[in-house]
Amino acid sequence: MTARTDQSKAGAGRTIISVDAMGGDQGPATVVAGIADSAKRNPDIGFILHGPKTELERLIAKRKGLASRIEIRDAPEVVTMEDKPAHVVRHGRNTSMWSALDCVRAGEATVCVSCGNTGALMLMSVLRLRKLPGIYRPAIAVMWPSQNPQGHNIMLDGGADIRADAKDLMQYALMGASYARNGFGLAKPRIGLLNVGTEEHKGRAELKEAYDLISANARIADFEFVGFVEGRDLPGTACDVIVTDGFTGNVALKTGEGIAKLISELLREAFAYSLLSRVASVLAYPALRRLKKRIDPRRANGGVFLGLNGTVVKSHGAADATGVSSAIKLAFELAQSGFSERLAARVASAASLEQDDSSDSEIDGESE
């Protein structure tokens with residue numbers, strides 16, 4: 001679905017992305033640089049940019065032709081990384097984050113992109129956009145570099161809520177499958193449930209219950225459930241979507257980022273060790289460059305908030321221009337696929353099936 005653009009300076013006929021210019025670690029100049037890169041690569045995107053108008057006009061004016069693709073919405077206040085989500089929800093009406101979400105709520109933009117405070121963005125998204133009917137807890141879906149043909153696996157929840165019971169995990173599986181279809185074009189995604197082992201008798205009680213619920217919904221929702229998977233399967237080929245609670249998912253995500261950084265530092269040290277190793281680094285440079293591009297977190301930047309009446313892409317707070325551009329590209333692809341509408345239909349269908357199953361159980365109980 002393409003948002004309303006008739007009166008938008010961003011340009012009629014384009015897919016409109018609402019971007020929070022503030023809140024990222026590197027400031028609005030980096031966000032504008034990322035937008036400029038996206039605009040250059042894709043003429044079909046228009047932008048509504050939110051933040052202090054005078055400052056944004058100055059930054060946009062430095063980039064030739066960009067002003068014709070952007071409509072600025074003045075939002076003088078900023079949500080910082082230190083702000084508590086509850087405080088932001090009560091006092092954040094004049095912030096760039098609130099303004100960016102309201103554009104999606106009003107139908108002026110299809111997707112919101114923000115580098116800001118994750119907790120505040122999630123709570124504000126739930127407040128302004130509301131949860132889809134039947135959704136218990138929204139989730140953050142993140143992309144994990146993998147050896148699968150699509151190059152990435154999807155993991156959720158990445159930290160929207162540290163708790164998740166069996167029904168939550170089942171809904172994460174449904175939402176993750178829908179994301180894999182629309183984001184990666186996978187006709188029948190493979191879903192795995194993260195556990196301490198692959199054996200069915202292992203894990204907490206809610207994981208065993210979730211195993212049964214996901215398995216029961218697999219055929220109807222048209223995905224393949226591969227059962228329990230382990231942490232080593234996150235970058236592997238056992239499945240396309242890994243389902244877990246937000247606490248475990250966020251720890252795994254931050255651990256992966258730390259390991260990637262460590263490997264990069266160790267490689268740099270190893271190639272600088274001696275004259276021979278420095279010569280070797282020159283010879284290995286093309287291969288190392290391909291490797292860096294393959295695992296560069298900036299190119300998989302963007303956690304998607306699932307389970308809302310609207311699509312929100314959370315860019316990493318420390319994202320540079322390349323990272324912001326990647327998040328905008330993801331937002332555009334989801335908008336083009338009609339992701340929000342398809343996910344809503346999928347969840348509604350699953351909720352209807354749950355009600356039917358409950359009714360059948362009650363009838364069976366009465367007839368005994």
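The values are calculated or read from the model by the stated rules, or taken from the named source; none is laboratory data. This is a predicted model, so every value here is computed, not measured. We place every Cβ from the backbone using ideal geometry, glycine too, and count neighbours over all the protein chains shown. Just the protein is used for accessible areas: all its heavy atoms, side chains included, with ligands, DNA and RNA removed. Shrake-Rupley method; radii C 1.70, N 1.55, O 1.52, S 1.80 Å.
Restricting attention to the range 318-329, the residues that are in a helix (DSSP H, G or I), open to solvent by 10 Å² or more (accessible area, probe 1.4 Å) and either over 16 Å from PHE47 (Cβ atoms) or hydrophobic (A, V, I, L, M, F, W, C) (or both) add up to 2.
With respect to the conditions (1) surrounded by fewer than 18 Cβ atoms within 10 Å (Cβ to Cβ); (2) of a type in the set (Ser, Thr, Tyr); (3) out of contact with any helix residue (DSSP H, G or I) (no Cβ under 7 Å at 6 or more places or on another chain), TYR136 falls short on a single one, namely (3). Taking first residues from the range 28-54 that are free of Cβ contacts under 8 Å to residues at least 60 places away in the same chain and partners that are open to solvent by 40 Å² or more (accessible area, probe 1.4 Å) and assigned to a helix (DSSP H, G or I), the Cβ contacts under 7 Å between residues at least 6 apart in sequence or on separate chains come to PRO28/GLU55.
From the residues in the range 61-75 that are in contact with a strand residue (DSSP E or B) (Cβ under 7 Å, 6 or more places away or on another chain) and among the basic types (Lys, Arg), which one is nearest to LYS40 (Cα to Cα)? Even if it seems obvious, please write down each step before you answer.
Our first condition is that a residue be in contact with a strand residue (DSSP E or B) (Cβ under 7 Å, 6 or more places away or on another chain); within the range 61-75, this holds for 69-73, 75.
Narrowing further to those that are among the basic types (Lys, Arg): 69, 73.
Details: ARG69: 10, ARG73: 22 Å.
Filtering the range 61-75 for residues that are in contact with a strand residue (DSSP E or B) (Cβ under 7 Å, 6 or more places away or on another chain) and among the basic types (Lys, Arg), the one nearest to LYS40 (Cα to Cα) comes out as ARG69.
If you go through the range 50-71 and pick out every residue that is among the β-branched types (Val, Ile, Thr) and either in a strand (DSSP E or B) or buried (at least 17 other Cβ atoms within 10 Å of the Cβ) (or both), you end up with 2.
Here is a yes/no grid of residues against (1) over 12 Å from the mean Cα position of the chain (by Cα); (2) β-branched (Val, Ile, Thr); (3) over 28 Å from ALA166 (Cβ atoms):
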position	(1), (2), (3)
SER96	yes, no, yes
SER99	yes, no, yes
ARG105	yes, no, yes
ALA120	yes, no, yes
LEU123	yes, no, no
GLY134	yes, no, no
PRO138	no, no, no
TRP144	no, no, no
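List every residue pair whose Cβ atoms lie under 7 Å apart, where the two residues are 6 or more positions apart in sequence or sit on different chains, the first residue falls within the range 190-207 and is more than 16 Å from THR248 (Cα to Cα) and in a loop (DSSP other than H, G, I, E, B), and the second residue, located anywhere, is open to solvent by less than 20 Å² (accessible area, probe 1.4 Å) and not hydrophobic (A, V, I, L, M, F, W, C). Close Cβ pairs satisfying both conditions: THR198/GLY227; LYS202/ASN195.
Among the residues of the range 152-169, how many are without any contact (Cβ under 8 Å) to a residue 60 or more places away in the chain and in a helix (DSSP H, G or I)?
First, the residues of the range 152-169 that are without any contact (Cβ under 8 Å) to a residue 60 or more places away in the chain: 165-167.
Filter once more, so that each one left must be in a helix (DSSP H, G or I): 166-167.
Number satisfying all stated conditions: 2.
For the range 330-341, does any single residue satisfy the condition of being in contact with a helix residue (DSSP H, G or I) (Cβ under 7 Å, 6 or more places away or on another chain), surrounded by fewer than 23 Cβ atoms within 10 Å (Cβ to Cβ) and modelled with pLDDT under 80? For the range 330-341, residues in contact with a helix residue (DSSP H, G or I) (Cβ under 7 Å, 6 or more places away or on another chain), surrounded by fewer than 23 Cβ atoms within 10 Å (Cβ to Cβ) and modelled with pLDDT under 80: present. What about ASP296, is it within 29 Å of ASN117 (Cβ to Cβ), within 24 Å of the chain's Cα centre (by Cα), acidic (Asp, Glu) and at pLDDT below 80? Judged against the criteria, ASP296 is a match.
Entry remark, the range 74-94: residues being touching a residue at least 40 places away in the same chain (Cβ under 8 Å) and under 21 Å from the mean Cα position of the chain (by Cα) number 3 in total. The set of residues from the range 97-113 being open to solvent by 10 Å² or more (accessible area, probe 1.4 Å) and β-branched (Val, Ile, Thr) comprises VAL104, THR110.
For the condition of a type in the set (Gly, Ala, Ser), part of a loop (DSSP other than H, G, I, E, B) and open to solvent by 60 Å² or more (accessible area, probe 1.4 Å), what is the one hit in ALA216, ALA187? Give the derivation first.
Values: ALA216 fails: part of a loop (DSSP other than H, G, I, E, B).
After ruling out the rest, the residue left standing is ALA187.
Within the range 233-256, restricting attention to residues that are surrounded by fewer than 18 Cβ atoms within 10 Å (Cβ to Cβ) and not in a helix (DSSP H, G or I), the residue that is modelled with the highest pLDDT is THR237.
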